[in-house]
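Working notes for the structure below.
Please treat every number below as a calculation from the coordinates, not as lab data. The shown structure was predicted, so the numbers you read here are calculated from the model rather than taken from an experiment. Here Cβ is always computed from backbone atoms with ideal geometry, including for glycine, and neighbour counts include all displayed protein chains.
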Amino acid sequence: MTLKTKTLPQHVPMTMSLEDCLKNRRSGREFDPKRTLSDEVLASLLFAACGQSGENGLRTCPSTLNRRSVSVCVVREDGVWRYNERSATLEPIRKGDYRDVTTAGQDFVKDAPVTFAIVYDEEKGRGPDGETLPIVWAWADAALIAENIYLASTALGLSGVTRAWFDPEKSRRELGLRSSETALLMHTVGYPKH
């Protein structure tokens with residue numbers, strides 16, 4: 001069975017105030033391995049990360065010079081998916097469970113239903129004259145996406161943590177990323193273990 005593009009449903013509203021999200025945001029590494037994320041909750045997290053926020057095509061996260069060189073891939077038990085914010089879809093990259101590729105030894109990753117790979121595409125980062133953005137700009141964009149995921153997770157009663165302990169070359173190869181792409185950060189999310 002091959003993976004097909006999935007259209008995400010309408011995201012669930014996040015009604016917690018920003019002040020309460022900021023007060024309650026914490027990194028979490030203990031997940032309930034029996035609970036998955038519904039597509040509605042996944043849609044909410046992706047909308048917060050870098051979703052389209054209006055008819056004009058703007059995103060919920062800043063993007064250096066609006067180049068959109070940093071994006072999100074979803075890594076879960078059924079495969080690796082590229083989030084397309086314009087169509088609110090998940091485009092298949094690779095079938096199979098590659099969550100363990102997103103870490104260099106953090107066992108809790110397998111208990112969480114999803115890890116978001118926050119990916120920089122050097123080709124998209126190039127300007128009209130071929131100049132490449134300073135990498136620190138891409139890191140800033142990636143960190144802003146990760147913070148949006150943190151705040152949305154808090155609003156939705158989820159737990160999560162941004163991580164940088166993984167092998168970028170191995171993740172590029174095994175997650176099926178393009179040669180111009182590099183995962184800068186991983187953000188693992190799930191329901192907290194009680």
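Some points to look at:
- Relative contact order of region 23-190, pairs being alpha-carbon contacts under 8 Å that are 6 or more residues apart, as %: 30
- Dividing the helix sum by the residues of the chain, where each DSSP H run of 4 or more adds -39500 (n - 2.57), gives a mean residue ellipticity at 222 nm of -8000 deg cm²/dmol.
- Within region 4-40, GluC sites (Glu not before Pro) in DSSP loop having at most 11 other beta-carbon neighbours inside 10 Å: none
- For region 1-84, dividing the convex hull volume of the Cα atoms by the residue count gives 157 Å³ per residue.
- Cβ-placed point charges (K, R +1; D, E -1), dipole of region 23-190 about Cα centre in debye, nearest 20: 220
- Loop trypsin sites (Lys or Arg not before Pro), region 73-122 (other Cβ atoms within 10 Å of the site Cβ: 14 or fewer; DSSP): Arg86
- At least 20 Å along the helix axis (C-alpha) and Kyte average at least 0.5, DSSP helices within the chain: 135-155
- Cα-based equivalent ellipsoid of the chain: semi-axis lengths in Å, sorted from largest, via gyration tensor: 24, 20, 17
- Cα shape, region 95-194, gyration tensor, a/c 1.5 rule: oblate
- Ordering of 64-71, 145-152, 21-28, 42-49 by burial proxy (mean other Cβ atoms within 10 Å per residue, highest first): 42-49, 145-152, 64-71, 21-28
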